[in-house]
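**Q** I have a structure I would like to understand better, so I am pasting it below and will then ask my questions one at a time.
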Amino acid sequence: MAIGAHPDDVEVGAGGLVARFVHQGIRVGIVDLAAGEMSTNGTVEERRQEAQRAALMLGAVWRKCLGLPDRDIALIKENVQALVTLIRESKPQLIICPYWEDRHPDHVNAAKLTAEANFDAGLKRIAPHLPPHRAKYIWHYFLSTAVEPQFVVDVSPFYEIKRAAIKAHQTQFGKDREQQTFLNTGPGSMLSIIESRDRFYGARTGCMYGEGFITTAPLAVKDPSLLMGV
Ligand SMILES: [Zn+2]
């Protein structure tokens, strides 16, 4: 289960990972916590259609919007409960969500909300009409703030898919929009940042493009020789 605060977060932070998992036959669902109604460009309906197109490109089996208020993703019981229901219904092994430090408060809260919901989803006395389920792993991807990752996934063969999925969000990343924003304009635009960051992580780990991730739990390595590329 790939969780984003807004309809393009998953593509930006982990589009390559999603495409890679899908290629391996792993089923991926995407959850957008908010519909993006506070964004400078694009209507909610346009953004919904763009998100669905991007999900198709990545190969996700479903994409849902939880409909929480944009710029006000609050850590309140109702929001936690809405995500608990989705976790129990879809039973993910792994959840990916934004890194917990970021300039956008929604990204920070998306990370916290995910941790709380995944915890509660495993408690059988909470909302007992659905059987408990807790994802075993949570990995955090990077949006505005990128720090030293704990591991980098080589997404080079899937980078064209990632680019296309990001650009599917035309209202946000298209250059012809009514208002210029940091997402769509200039050498320091979001697109440049994403690609430079992924290229940097790739170069650090010996591949063209890499996506970095952080977890709060240690990663178990069954076969350490794989860490040497053997
Ligand atoms: Zn966002």
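**Q** Consider only pairs whose beta carbons are under 7 Å apart and that are at least six residues apart or on different chains; among these, list those whose first residue lies in the stretch 181-210 and is in contact (Cβ under 8 Å) with a residue 24 or more places away in the chain and whose second residue is open to solvent by 70 Å² or more (accessible area, probe 1.4 Å).
**A** Listed by first residue and then by second, the contacts come to 181/40; 184/175; 190/182; 202/208; 209/199.
**Q** Can you tell me how many residues in the stretch 54-81 are part of a helix (DSSP H, G or I) and surrounded by fewer than 17 Cβ atoms within 10 Å (Cβ to Cβ)?
**A** 4
**Q** In addition: How many residues, within the stretch 18-53, are surrounded by 24 or more Cβ atoms within 10 Å (Cβ to Cβ), away from the ligand (no atom under 15 Å from the Cβ) and touching a residue at least 40 places away in the same chain (Cβ under 8 Å)?
**A** 2
**Q** Going through 103, 134 one at a time, which residue ends up being within 16 Å of the ligand (Cβ to nearest atom) and out of contact with any strand residue (DSSP E or B) (no Cβ under 9 Å at 6 or more places or on another chain)?
**A** Numbers: 134 fails: within 16 Å of the ligand (Cβ to nearest atom).
The unique qualifying residue is 103.
**Q** Now for a separate question. Look at residue 14 and say whether it is hydrophobic (A, V, I, L, M, F, W, C), within 16 Å of the ligand (Cβ to nearest atom), open to solvent by less than 30 Å² (accessible area, probe 1.4 Å) and part of a helix (DSSP H, G or I).
**A** Working: hydrophobic (A, V, I, L, M, F, W, C): yes; within 16 Å of the ligand (Cβ to nearest atom): yes; open to solvent by less than 30 Å² (accessible area, probe 1.4 Å): yes; part of a helix (DSSP H, G or I): yes.
Taking the combined requirement at face value, the residue satisfies it.
**Q** If you take just the helices (runs of 4 or more DSSP H) that sit entirely in the stretch 97-204, which of them hold at least 1 residues that are polar (S, T, N, Q)? I'd like the intermediate steps shown before the answer.
**A** Working: elements: 105-121, 159-167, 170-173, 190-204.
Filter on the stretch 97-204 gives 105-121, 170-173, 190-204.
**Q** Residue under question is residue 167, and the condition is that it be open to solvent by 40 Å² or more (accessible area, probe 1.4 Å) and of a type outside the set (Gly, Ala, Ser); does it hold? Steps first, please.
**A** Numbers: open to solvent by 40 Å² or more (accessible area, probe 1.4 Å): yes; of a type outside the set (Gly, Ala, Ser): yes.
It is true that residue 167 is open to solvent by 40 Å² or more (accessible area, probe 1.4 Å) and of a type outside the set (Gly, Ala, Ser).
**Q** Looking at the stretch 1-43, which of its residues are over 22 Å from residue 209 (Cβ atoms), charged (D, E, K, R) and out of contact with any Cys (no Cβ under 8 Å at 6 or more places or on another chain)?
**A** 27, 37
**Q** When you look at residue 200, is it under 22 Å from residue 15 (Cα atoms), open to solvent by 40 Å² or more (accessible area, probe 1.4 Å) and out of contact with any helix residue (DSSP H, G or I) (no Cβ under 6 Å at 6 or more places or on another chain), yes or no? Steps first, please.
**A** Working: under 22 Å from residue 15 (Cα atoms): yes; open to solvent by 40 Å² or more (accessible area, probe 1.4 Å): yes; out of contact with any helix residue (DSSP H, G or I) (no Cβ under 6 Å at 6 or more places or on another chain): yes.
In short, yes.
The values are calculated or read from the model by the stated rules, or taken from the named source; none is laboratory data. This one's a predicted model, so the numbers in the text were calculated from it and none came from an experiment. Neighbour counts run over all protein chains shown; Cβ positions are idealised from the backbone, glycine included. Protein only, heavy atoms only, side chains kept; ligands, DNA and RNA dropped before computing areas. Shrake-Rupley method; radii C 1.70, N 1.55, O 1.52, S 1.80 Å.
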